[in-house]
1. Size of the dipole of region 259-436 about the Cα centre, Lys and Arg at +1 and Asp and Glu at -1 on the beta carbon, nothing else charged, in debye to 20?
2. How large is ³J(HN,Hα), in whole Hz, for each residue of region 343-354 in order, when computed from phi with the Karplus curve 6.51 cos²θ - 1.76 cosθ + 1.60 and θ = phi - 60°, using x for Gly and Pro?
3. Contact order normalised by length for the chain, with contacts defined as Cα pairs under 8 Å and 6 or more residues apart; what percent is it?
4. Taking all pairs of distinct Cα atoms, average 1/r, flip it, and tell me the Kirkwood hydrodynamic radius of region 261-312 in Å to one decimal place.
5. Only helical DSSP H runs with n ≥ 4 go in: add -39500 (n - 2.57) per run for the chain, normalise by residue count and round the 222 nm mean residue ellipticity to 500 deg cm²/dmol.
6. Provide the percentage of antiparallel DSSP beta bridges, counting only those with both residues in region 259-436; round to the nearest 5.
7. Report, by chain and number, residues whose modeled amide H sits under 5 Å from the one on Ser455, excluding near sequence neighbours (fewer than 5 apart, same chain).
8. Where does each of His435, His442 land when they are ranked from fewest to most other beta-carbon atoms within 10 angstrom?
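Values in this text are rule-based calculations from the coordinates and carry no lab data. Note that the structure is predicted; figures quoted are calculated from it, not measured. In this analysis, Cβ positions are derived from the backbone assuming ideal geometry, glycine residues included, and neighbour counts consider all displayed protein chains.
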Amino acid sequence: MSSCFTDLALQYIDGEWRPGTGSWDIIDVNPYDGTKLASITIATVDEVDQAYRAAQRAQQAWATTNPYTRRAVFERALRLVEEREQEITEAIIAELGGTHLKAGFEIGLAKEFLREAAQLTLRSEGRLLPSPIEGKENRLYREPVGVVGVISPFNFPFLLSIKPVASALALGNGVVLKPHQDTPVVGGTYIARIFEDAGLPAGLLNVVLTDIAEIGDAFIEHPVPKVISFTGSDKVGRHIATVCAAQLKRTVLELGGNSALVVLDDADIDYAVDAAVFSRYVDQGQVCMAANRVLVDRSVAEEFTEKFVAKVRTLKTGDPSDPQTVIGPVANSLQANAVSAAVDQAVAEGATVLVRGGATDNLVEPSVLTDVPADSALLHKEIFGPLALLVPFDGEEEAIRIVNDTPYGLSGAVHTADVERGVAFAKRVDTGMFHVNDGTIHDEPLVPFGGEKHSGIGRLNGETTLDAFTTLKWISVQRGRSRFPF
């Protein structure tokens, strides 16, 4: 077992590693075998305040640091991730129950976002804008917002902490990170150690390991952060949006999804099966972009279903440290129980079971259901686990209606032999992202990432990251004398 779970079971505040002063501990547990990885005394409201104040102090000098100097920090951080990839992989397997496949996917994307962060340091460009007033020069400056609060989830904690943290830091901000209590090291203190070793000035990045049972809304209500970046459930996201709106505080919210992968009548069935199985079952289905629903034109439903079920039956469930394992443990017993309850609910409502996976502790084998009643709540909510719902449809109009019949709008995909038919279909789906002839799970550094409806507010990646973590200031210069009416 990596020593990181003992070395990094601490708070990281103002460049210091120290225990929290709360009255209870977070117990970090391996979800596969239940072994204890670490015991972490939680941070209090006072320590949240200390972290934000430290970030505020350090940010002022960082914002005026030469961008090329800032860039070197992210280049070093990237090299450290590359050098420590094996250790990070082992930590992901131990703390998340992630498979080797999942760890490679997550670390690979994290490296891409560190490369993009290095470039972001040079992209805060100003502009000169024309004026109708003679002799006036309008200067538009893009400046860091100041301090950003980041709350990351348990499913892709390394990636979904690094992405907003590195971007915000690259643009001249300070950051306080609160990772999910199930992934405090991979999603929190391990990242702090990487940036510390990469030479990031002390105080700029702080990590508080705590729980709302201890701090309530203190992390999001604190007056220092100007932006709160949150990835997680829509229920929590709505609460964060409400609290921040009352303070006129900006939010970037990447919330849940109920994505659909649609197989039209002219699709390559074998390819669509591969895309659908990956899109549903990667990381045990614990992905916001996962294809909860697989919609299949009735004319090809029999062939697709037969091949889909056959492929699902080949997925190995078990020890995530085994390179052959595809389905590892879900995050905790709550997730495991929720998946089993979803299957039971669907069966009670009249659904047909094509594959019924068993469950042992946090290991939940894949299940496949069809004939789920159209009014079932399961078709309209996010299922965070290895359960696929196959939904037949008759023609594109019905497919569009079913795809959009959800409060979410994050991702999705359509398979067809006619690319432009696929693009026309995608344009009619009320979602932030949609993919033609591919899976539903994608994230790229230059492409705006985010959802519509209950799937979130705002975007990250590329130019949208600038909008998220910087602000615009107008400074005008009048050459000559203005004329005033009195």
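1. With only Lys, Arg, Asp and Glu charged at Cβ, the dipole is about 420 debye.
2. 5, 4, 4, 5, 4, 4, 7, x, 5, 9, 8, 9
3. 17 percent
4. Kirkwood radius, region 261-312: 11.0 Å.
5. Numbers: 16 runs with 186 residues, N = 486.
Roughly -12000 deg cm²/dmol at 222 nm, from the helical runs in the chain.
6. Expressed as a percentage, antiparallel bridges in region 259-436 total about 20.
7. Correct list: Gly409.
8. His442, His435
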